[in-house]
Amino acid sequence: MRLSVNDVSVEVAGGASVLDAVKAAGAVVPTLCYDERLTPQGSCRVCLVGVKGRAMPACTTPAAQGMAVRTDDPAARRSAQLALELLVSQLPARALDVPADRSELVRACQHFGVTASRFDGATRNAGVDHSHPYVKLDRDLCIACNRCVRMCAEVQGTFALSLAGRGFDTLVVAGTGGPWMSSPCVACGGCVDTCPSGALSEPGLLDPRPISWTTTTTCGYCGVGCTLRVHVRDNEVAAITPVHAAPVNRGHACVKGRFAHAFTRSRDRLTTPLIRRGGRKSPLEPTSWDEALTVVATRLAAIRDRHGPDAIGMISSARATNEENYLAQKFARAVLGTNNVDNCSRLCHAPSAVGLTASFGYAGGTNSVDDLDGTDCILIAGANPTEAHPVIGARIKQLVLRGARLVVIDPRRIDLAEMADVYVQAKPGSNVAVFNGIARVLLDEGYADEEFLRTRASGLAELTDLLRDYPVDHAARVAGVQPETLTMAARLYGTARRPAIVYGLGITEHAHGTDGVRTLANLAILKGAVGTPGCCGVLSMRGQNNVQGASDMGALPDMLPGYQHITNADVRARFARHWGVSVPERPGLRILEMFEAAIAGRVRAMYVIGEDIAQTDPDSGNVRKALAACDLVVSHDLFLSRTAHLADVVFPAVSFLEKDGTFVNFDRRVQRVRPALTPPGQAKPDFDILQLLAHTMGAELGCPTPADALAECATLTPTFAGISHARLDRDGPLHWPCRAEDQPGEGRLYLDSFATHDGRAALAARPYLPPGEQPDAAFPYVLITGRRLVHYNSGSMSRRTPNMELRPREVLDLHPDDGARLRIADGNLVEVTSRRTAVTFSVHLTDTVAPGQLFTSFNFPDTPTNALTSDVAETVTGCPEYKVTAVSLRPV
């Protein structure tokens, strides 16, 4: 529709507001209760404009064809100014001393020329609440605009905030009105970000010193891939804020991405290379880069020449950029001469890569996260988005609050289970039985898309035959749930017009994780909910920031970049021509195989980039034994991690806030990473370390810059052919596959055909098989591991921030019934013993776990959870069975 603003003709879409039209015309009206991410409420009356001689709030007035809007209407302007003066009259004078770039209220006053108020009356003296490490409340500056309350409800979905009091005494409160620290606040920062008056702030923005520069980059915590602005003061992060127009996070963030940045200036950052000069029993000592590189180069070459290139294993990093992972696998293959290169996706989402490839064709989710906006039913299986991927968890909450139905399948009663229409509390390890039972209902009750199955899928006859053994009663019995619950879940998914599946490590980290992915994918295929217009498909929630990209770049023992098989002679020849060296043809060792080979004496050197394998990998006692058996262990890290403590040489690396490159998030979106800080001391990016080491070994990797590395990868990999740094800087994030510079990338896959050998989605007939490790009389409990909201992975970054105030130690979640039976109270110490070792935890009694089950994480080295975890690994991918460990429990 077309209308005019101050005699300027503008065109806006249907449903636009007058405020949208004002912005389109380049005019300005202040707002105080308005935030583009929230439902407009029009309460502050500061955005009044003239429409047909009447003063109308621009934010809530619909734009109409032919409307004439005046932002300079005298009556509207006078009314807005009076409303603003009345608002200011109850605030202390310092409210207008806040810098204008940090206060919309101050900017509104400047717009209207308000320096004081003509209204006299009492001003607030309610004090401050600085109990929270990140969210600081100055009650006297609160204007009761309700934006923070709506942000917490509409965007975050936590409902931790409310307005309390009446009239003059109305203020924001957290929880029941006590200290902010004790409230349900999850510290997403949305309230701070939206506050227009400075009543809510954060420590870095309370400092009056100016910001030196701001850099836009991609978050380096989980795999969501939030776009963030890093505000730097004196080469330190002052604050991080989300980008409102970002496609993935849409102006939202979480406690880690928004606030957990103090690790960059931690006193124990590694700033110089470290080396042992007298064997393993000697201490690590600072040294020069020249000496460290020479020692590593000489010893790697000696091991390669004496024992063969396959005596070296390299573990690349899900925290490193795509370009660094590309360089790492090139270094392994072209310099060391081995395919013994892997990354931590082996330990989490290798079953996703194999399972999704077999079902659909590509080793990634089928859809963009944007497609969730169109769903009417979400099935969440083995994922806890509100803690592990909080921004996506918040988006799912928004969808459910707007009417989408929700099915949650998980052994734990996660936060989203409380909002679910159907919650299936299935036993750990029963996923395949659950999905087969749901598939049986879809077929038996006519919910399957017969046309899709006939024209675009294969394997229906085999699946139908297998499902004869999975009536709902049987599947429910295996899963330990009521048959009615499983049937209700199937019907809810089956009756949806645009169902979406979101899954995580609770599906993959099992002895039969690939079967779990395949049978879950069956549900989307049966419904025709993938590869069709308007479909929402299957989204695989990746844990670390670049776990998708590390595999995409070929840091795998059997795949070159773009999942091109190492056994394909034509593929190897193409890389060999470009690299100028032959590419080894035999697939290399997986991570767990490297450890076994090291213990057996076949692998003599381990090169570890940015992973703390001694803390995060399963059966960590076995990992330490493997490292001790090696002649050489090299580690790149930010801190002296448990793995670095065991290394012979440690290279000081840099964080995501200090490096250049790209990450790939969970929906295959390639995004730019830009350095906001100068690295401390002599620390270097992994990219530079690999370049220097190759040169010291007498080889050249080419690719002098990260941009060159991605360009080389694009040249050799059709999937990424259209992606470059220049294009990402110009056009923004791109989904792969993107096969040419003039192609936009494919957010929604398989609209024409699936990328399987026959172009059809492949149904999988997979029987339920029990977990690899079973509880018994000696080990009667099942331990499940997973993620916590405020910490990340090994905790090496988040534990060096004020997040420690939010969760200072690890705890063991135990059901109150088990606690009563064992006479264990909340906070008591218990010893958890597996078939490998024993670890002591503090107990947290909670009904989020089922009786007989325990839950904990692995964020704290003083509670080495992964010393307990099962050494069982899936045969297909080598992914360990983190989610099922048989343990016993006794009070200490």
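The values are calculated or read from the model by the stated rules, or taken from the named source; none is laboratory data. In this text, all values refer to a predicted model and were calculated from it rather than measured experimentally. All Cβ positions, glycine included, derive from the backbone under ideal geometry; neighbour counts span all protein chains shown.
Structure values in brief
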read-out: Selected residue (criterion: nearest to residue 292 (Cα to Cα)) from residues of segment 658-668 that are buried (at least 24 other Cβ atoms within 10 Å of the Cβ) and out of contact with any Asp or Glu (no Cβ under 9 Å at 6 or more places or on another chain); value: 663
read-out: Residue satisfying condition, being in contact with a Gly (Cβ under 8 Å, 6 or more places away or on another chain), touching a residue at least 24 places away in the same chain (Cβ under 8 Å) and not in a helix (DSSP H, G or I), within set 530, 517, 502; value: 530
read-out: Any hit, segment 455-478, residues being within 22 Å of residue 400 (Cβ to Cβ) and at pLDDT 95 or above; value: no
read-out: Single residue of 285, 291 found to be in a strand (DSSP E or B), farther than 26 Å from residue 561 by Cβ and free of Cβ contacts under 8 Å to residues at least 60 places away in the same chain; value: 285
read-out: Test for residue 726: is it farther than 29 Å from residue 390 by Cα and crowded, with 21+ Cβ neighbours inside 10 Å; value: no
read-out: Checklist (1) crowded, with 21+ Cβ neighbours inside 10 Å; (2) under 26 Å from residue 396 (Cβ atoms); (3) in contact (Cβ under 8 Å) with a residue 40 or more places away in the chain applied to residue 152, failing item; value: (3)
read-out: Leading residue by the ranking (modelled with the lowest pLDDT) among those in segment 33-74 that are of a type in the set (Gly, Ala, Ser) and assigned to a loop (DSSP other than H, G, I, E, B); value: 53
read-out: From the options 588, 506, 531, 621, residue that is at positive phi and either of a type in the set (Phe, Trp, Tyr) or not assigned by TED's automatic domain parsing to the domain that holds residue 863 (or both); value: 531
read-out: Options 742, 758, 752: the member that is in contact (Cβ under 8 Å) with a residue 24 or more places away in the chain and either surrounded by fewer than 13 Cβ atoms within 10 Å (Cβ to Cβ) or touching a Cys at 6+ places or on another chain (Cβ under 6 Å) (or both); value: 758
read-out: Top-ranked residue in segment 605-654 [being out of contact with any helix residue (DSSP H, G or I) (no Cβ under 6 Å at 6 or more places or on another chain) and under 19 Å from residue 680 (Cα atoms); ranked as surrounded by the most Cβ atoms within 10 Å (Cβ to Cβ)]; value: 610
read-out: Subset of segment 323-338 [surrounded by 24 or more Cβ atoms within 10 Å (Cβ to Cβ) and either in contact with an Asp or Glu (Cβ under 7 Å, 6 or more places away or on another chain) or not assigned by TED's automatic domain parsing to the domain that holds residue 657 (or both)]; value: 324
read-out: Residue within segment 201-210 that is in the same structural domain as residue 252 (by TED's automatic domain parsing), touching a residue at least 40 places away in the same chain (Cβ under 8 Å) and in a loop (DSSP other than H, G, I, E, B) present; value: yes
read-out: Residues of segment 163-191 classified as part of a loop (DSSP other than H, G, I, E, B), touching a residue at least 24 places away in the same chain (Cβ under 8 Å) and either not assigned by TED's automatic domain parsing to the domain that holds residue 150 or not aliphatic (A, V, I, L, M) (or both), total; value: 6
read-out: Strands (runs of 3 or more DSSP E) (entirely within segment 838-892) containing at least 2 residues that are in the same structural domain as residue 820 (by TED's automatic domain parsing) and touching a residue at least 40 places away in the same chain (Cβ under 8 Å); value: 853-856, 885-891
read-out: Test: residue 497 is surrounded by fewer than 24 Cβ atoms within 10 Å (Cβ to Cβ) and out of contact with any helix residue (DSSP H, G or I) (no Cβ under 9 Å at 6 or more places or on another chain); value: yes
read-out: Among (1) touching a Lys or Arg at 6+ places or on another chain (Cβ under 8 Å); (2) part of a loop (DSSP other than H, G, I, E, B); (3) within 22 Å of residue 182 (Cα to Cα) - the single one residue 808 does not satisfy; value: (1)
read-out: Residue, farthest from residue 216 (Cα to Cα), within segment 726-737, restricted to residues that are out of contact with any strand residue (DSSP E or B) (no Cβ under 7 Å at 6 or more places or on another chain) and in contact (Cβ under 8 Å) with a residue 40 or more places away in the chain; value: 737
read-out: Criterion: buried (at least 20 other Cβ atoms within 10 Å of the Cβ) and either touching a residue at least 60 places away in the same chain (Cβ under 8 Å) or charged (D, E, K, R) (or both) - qualifying residue of 84, 3; value: 3
read-out: Some residue of segment 810-819 being surrounded by fewer than 18 Cβ atoms within 10 Å (Cβ to Cβ), touching a strand residue (DSSP E or B) at 6+ places or on another chain (Cβ under 9 Å) and touching a residue at least 60 places away in the same chain (Cβ under 8 Å); value: no
read-out: Inter-residue pairs, beta-carbon under 9 Å, first in the same structural domain as residue 486 (by TED's automatic domain parsing) and over 27 Å from residue 189 (Cβ atoms) and in segment 394-414, second basic (Lys, Arg) and modelled with pLDDT of 95 or more, 6+ apart; value: 411/427; 411/883
read-out: Matching residues in segment 126-146 - criterion: being within 12 Å of residue 171 (Cα to Cα) and not in a strand (DSSP E or B); value: 126, 127, 139, 140, 141, 142, 143, 144, 145, 146
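So that you can scan it fast, the table gives a plain yes or no per residue for (1) among the β-branched types (Val, Ile, Thr); (2) in the same structural domain as residue 200 (by TED's automatic domain parsing); (3) out of contact with any Leu (no Cβ under 8 Å at 6 or more places or on another chain):
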residue: 10; (1), (2), (3): yes, no, no
residue: 17; (1), (2), (3): no, no, yes
residue: 38; (1), (2), (3): no, no, yes
residue: 46; (1), (2), (3): yes, no, no
residue: 60; (1), (2), (3): yes, no, yes
residue: 67; (1), (2), (3): no, no, no
residue: 78; (1), (2), (3): no, no, yes
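Condition check ((1) surrounded by 14 or more Cβ atoms within 10 Å (Cβ to Cβ); (2) touching a residue at least 40 places away in the same chain (Cβ under 8 Å)) across all residues:
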site	(1), (2)
33	yes, yes
65	no, yes
90	yes, yes
96	yes, no
101	no, no
116	no, no
120	no, no
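To keep it simple, each residue is scored yes or no on (1) of a type in the set (A, V, I, L, M, F, W, C); (2) within 30 Å of residue 234 (Cβ to Cβ); (3) in the same structural domain as residue 232 (by TED's automatic domain parsing); (4) touching a Gly at 6+ places or on another chain (Cβ under 7 Å).
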position	(1), (2), (3), (4)
686	no, yes, no, yes
690	yes, no, no, no
698	no, no, no, no
702	no, no, no, no
713	yes, no, no, no
717	no, no, no, yes
720	yes, no, no, yes
